[in-house]
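All remarks here apply to the structure that follows.
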Amino acid sequence: MATASGAPPPAMDEKARRTRDLLASFYNTDPSAAAGAGAASPASLARHSPTAAVASPLDSINSTSFDPETYLNVLVQQSNLEGLLQRHVKMAAEIKNLDTDLQMLVYENYNKFISATDTIKRMKTNIVGMEANMEQLLSKITSVQSKSDTVNTSLFDKRENIEKLHRTRNLLRKVQFIYDLPSRLNKCIKTEAYADAVRFFTGAKPIFEAYGDTSFQDCKKASEEAMDLVIQHLQAKLYSDSEPIEARAEAVVLLKQLKFPVDNLKSNLLEKLEDCLLNLQNESTQASISDISKTFRAYLIIFPDSEKRLIELAQTLFSNRYETVRENLKKRISSTDLLAMLRSLWEDATAIDEVIPEAALPAFSLETTRDIIRQHIATAFLHLQSEISDPLVRTHSTSNEKLEELQLQNAMDTSKIRVSQGCIDLLQEFYHLIDGNTEVLLKLRDLIIDWVQEGFQEFFQKLDWHFHVLSGRSKSFPQESSALDSVQIDKVPTVLVLMLAQLCVYIEQTTIPKVTEELASSFSGGGARSYEYGPPFVPGEICRLYRSSGEKFLHHYINMKTQKISKLLNKRFTTPVWIKHKEPREVNMFVDLLLLEFNGVVSEVKQILPGLIRRHRHSDSTGSTTSSRSNPMREDMLNRSNTNRTRSQFLENHLAKLFEQKMEIFTKVEYTQESVISTVLKLCLKSLQEFVRLQTFNRSGFQQIQLDMEFLKSSLKEFVDDEAAISFLLKEVNNAAHERCLDPIPLEPPILDKLINAKLAKIKEQNPNMQ
C-alpha cells in the first residue's frame, strides 16, 4: 500500500518475511500470493528498480523462482573458500532459527485451536433444553393475561363507582375546609402560626375567586377579615427591633405571598439597617458581625434587587471602622493593640464577604490595612524623633549662662539613651507586625520589612536635618516641614551645637551598628519593593552622613566660640588710640575677659566631650616667669640702646624665622577636650594677631601688648598641652605689634616680672581658694 505521498511502503525486515513465509507454508496458501505480498522485499525492489536490469541469483533465495544449482554455481564463482565456509555457517544458523520459529508457531496455534474447541462444546451443552423452557414460559404468560382480562371485565363497573365516590369525598373535604377556614385562621392568629394562616388562605383563594360571591360569601368575608389581622401582625413584626432577623424576613416573605406591596417597606427597612450599622460601627464583637451577616443574607433573599445598596452599606461600615483605627493611630497605640483591631476587622470582612462577595471587602481591607500599618510605622518614627529632640529643644530654649553642669550631662545622657534604646524598642514593637500568623499580615510581611528598613533610613536622615535646624545652620530638607524655624546663630546656645556633634558621633559609632544588627537578625527578607534605587536601608550612607554632620557641628561650635571671642578682641583693639597709649601699669582687663571666655569653653567641653585637661595653677608658674622669658630675643632687646639697633634686630629675627623649622599650628579637630580647646585658642590668638596688624602702636602700646602676651603665656598653660604652638602664636602677636610699632622698645624684664606678679597676687587675693 502506497503512502500519502505516493512513495512505496518501506521494505520488510528479514524476520517479518520469514514469519510470513512460514505462515503461508503452514496454511498451504497460494505461493504466488505469498510472493506477491512480499513485493516490497529487497529482491523485488531490485527487479523493479530502474537501475537494476537483471536480478542477482544470490538475492532470489526466498522467491518462488529460486534455482539451487544456479545459486550454488554463482556462489562458488564469486566466493573463495573462506567466504563459502562463512556462508555455510550463516545458512546453518538460519535453518536452525527457521525450524525453531516454525515449531513455536505450530504450538501457539495448536493451543488456540484447543481453546476454541472447548468453548464450542460448552455452548452446545448450555443450549440443550432452552427451547422447551421458552415454550413453557410463553404458555404461562398467556394464561396470566387471560385471567387478568377476566378480572378487569368483572370489576369495571365497580371501579367506576369507586372513583366517582372518591371524587365526591374530596370535594366534600374541600367544602368543609372552606367552611372551617375562618376558625382555622383565628386559631393560627392566636398561636402566631402566620405561615400556616397564609398557606391556608392562599390554598382557598382560587375557590373564593370562583364562588366567593355566591355560596361562600360569608366564609370569604370572615377569612379576609382574619387575613387583614394577619397582615397587621406581620407588619408589626417586621418593624419590631426586638424580633430576630429570621422572623422579620419570614414576615416579608409571607406578605409577598399575600400580594401585599412591599416596595415601600424596602426603603424603610434599609434605613433601619443603616441606623443599625451606624450603632455597631464602633463595635467589633463576633455577635454583632454575625447579626449583620444574617441581615445581609436575609435582605438578599427578600429583596434581590437591593444588592447594590447592601454593598454600599457594607463598604461604608468598614470604611468608618478603619477610619476609627486611623484616629487611634494619633494617640500612639502599641503594635499589639493595633494588630488586635486589624485582625478583628479582617475576620469581620471575611465573614461579610461570604454573604456579599461583590463588595470585595477582603481586597479593600488588605489595601486599607496596608496603608494603616505604613502610617503606624511612620507615626512611630515621628514620635521617636520628638522624644529625642525634647531635651535638645529644652537646651535650645535656655541660654548658656543658665545651663548648669548637671543639666548638660543629664540632657546629653538622656538624648543618647533615647536614640539608642528608642530605636531598639521601636524594632521590638515592629517585630509584632511580622510575628503574627494572621492572613492579612502574612500577605504584607515583605512589605512591612521594607517599610521598617525604609523608615529607619528616612528617620536618620530627618533626624540629621532636625539637628541642623536646632544648630541654626541653614539646610533644606525636600518635601518636609518643621515646626522649628531656622534661628539666628547668636541665639543658639553654643553648648547645644557641641552636644549635637557628640550625639552624631554616638549615633554613628553605637546606634547605627545596633540597628543594623537587629534588622539583619529580625527583619531580613523583604524585597516586595522595587530595588531600582538600591536597598531600603544603607547603614554606610547613614554613617557617612552623621560623620559629616558631626564634623560640621564641631567646626560650627569652634567658629561660634571663636567669633564671640573675636568680637571681644576687636572691641578691645579698635576702641583705644594705640599711637597715644599711656605707659602700661598692669595687665589689661581684656585679658581677664579673654581668660573668662576660655574657662567657659573648657567648662562646656569638659561636660560633653571625652578626655582630660591638664590644669596648671598660677603658683606653679609664678616663680619661673623670669626663666620662661629668658630667650635670645629678650636678651637682644636688653642690649639694644636705640631705635636703629632695635629695627636691625627685628630684621635679624625675621630672617631667623624664615630658617626655623615649620610648626604645624592647625591640625585636624578631634572629638576630644584637648583638640577642641586647643583649636579655639589657636584661632583666637590668630585673630588677635590680625587685629594687632591693623593698628599702629607707640612705644607704650607695644609694651602693653608685650605685657599682656607674657601674662597669657603663663596663664594659657592650664588650658592646653600644646604649649609650643601657643607660645609660637603669642610670639607672632608680639612680632606683629613690634612690626607695627613706631618705637619698638620692649619693657625690661624686671618691670615685666613685677607687673605680672602684681596681677597674679591680685588674682590670688580675689580667689583665696586658688592654689
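The values are calculated or read from the model by the stated rules, or taken from the named source; none is laboratory data. Computed from a predicted model, the values in this text were never measured in an experiment. Positions of Cβ are generated from backbone atoms using ideal geometry, with glycine treated the same way; all protein chains shown enter the neighbour counts. With ligands, DNA and RNA removed, areas are computed over all heavy atoms of the protein, side chains included. Shrake-Rupley method; radii C 1.70, N 1.55, O 1.52, S 1.80 Å.
General remarks:
- Consider segment 106-155 and keep the residues that are in contact with a helix residue (DSSP H, G or I) (Cβ under 9 Å, 6 or more places away or on another chain) and in the same structural domain as R20 (by TED's automatic domain parsing). The one that is surrounded by the fewest Cβ atoms within 10 Å (Cβ to Cβ) is V106.
- Filter result (open to solvent by less than 10 Å² (accessible area, probe 1.4 Å) and farther than 14 Å from E583 by Cβ) within segment 690-705: V692
- Output for segment 280-304, where each listed residue is more than 35 Å from the chain's Cα centre (by Cα) and modelled with pLDDT under 70: I301, I302, F303, P304
- So A725, is it assigned to a helix (DSSP H, G or I) and free of Cβ contacts under 8 Å to residues at least 60 places away in the same chain: no
- Subset of segment 219-237 [closer than 15 Å to Q257 by Cα and hydrophobic (A, V, I, L, M, F, W, C)]: M227, V230, I231, L234
- Residue in segment 326-349 that is closer than 23 Å to D450 by Cβ, open to solvent by 50 Å² or more (accessible area, probe 1.4 Å), outside any helix (DSSP H, G or I) and touching a residue at least 40 places away in the same chain (Cβ under 8 Å) present: yes
- Which listed residue is at pLDDT below 85 and basic (K, R), from K158, K96: K158
- Identity of the residue in segment 53-66, closer than 17 Å to R87 by Cβ and at pLDDT 70 or above, that ends up surrounded by the most Cβ atoms within 10 Å (Cβ to Cβ): N62
- Of all residues in segment 212-263, those satisfying the criterion of being among the hydroxyl-bearing types (S, T, Y) and either touching a residue at least 24 places away in the same chain (Cβ under 8 Å) or under 25 Å from S290 (Cβ atoms) (or both) are S223, Y239, S240, S242.
- Selected residue (only one of R394, R370, R418, R374 is at pLDDT below 80, in contact with a helix residue (DSSP H, G or I) (Cβ under 8 Å, 6 or more places away or on another chain), open to solvent by 10 Å² or more (accessible area, probe 1.4 Å) and among the basic types (K, R)): R394
- Meets criteria (surrounded by 20 or more Cβ atoms within 10 Å (Cβ to Cβ) and acidic (D, E)) for D708: yes
- The number of residues in segment 736-768 that are basic (K, R) and open to solvent by less than 60 Å² (accessible area, probe 1.4 Å) comes to 1.
- Pair list, Cβ < 7 Å and 6+ apart or interchain, from segment 186-199 residues that are exposed (fewer than 14 other Cβ atoms within 10 Å of the Cβ) to residues that are acidic (D, E) and part of a helix (DSSP H, G or I): none
- The residue that is most open to solvent (accessible area, probe 1.4 Å), counting only those in segment 552-605 that are hydrophobic (A, V, I, L, M, F, W, C) and free of Cβ contacts under 8 Å to residues at least 40 places away in the same chain, is M589.
- Taking first residues from segment 60-81 that are more than 17 Å from R20 (Cα to Cα) and partners that are surrounded by 14 or more Cβ atoms within 10 Å (Cβ to Cβ), the Cβ contacts under 6 Å between residues at least 6 apart in sequence or on separate chains come to F66/S60; T70/P57; Y71/P57; V74/P57.
- Single unsatisfied condition, F364 versus (1) closer than 28 Å to T295 by Cα; (2) open to solvent by 60 Å² or more (accessible area, probe 1.4 Å); (3) without any contact (Cβ under 8 Å) to a residue 12 or more places away in the chain: (3)
- Residue within segment 216-227 that is over 60 Å from the mean Cα position of the chain (by Cα) and outside any helix (DSSP H, G or I) present: yes
- Filter result (modelled with pLDDT of 85 or more and not in a helix (DSSP H, G or I)) within segment 684-722: L694, Q695, T696, F697, N698
Residue-by-condition table, conditions (1) on the phi < 0 side of the Ramachandran plot; (2) at pLDDT 90 or above; (3) over 28 Å from the mean Cα position of the chain (by Cα):
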| residue | (1), (2), (3) |
| --- | --- |
| D450 | yes, no, no |
| H466 | yes, no, no |
| V469 | yes, no, yes |
| R473 | yes, no, yes |
| Q479 | no, no, no |
| D490 | yes, no, yes |
| T511 | yes, yes, no |
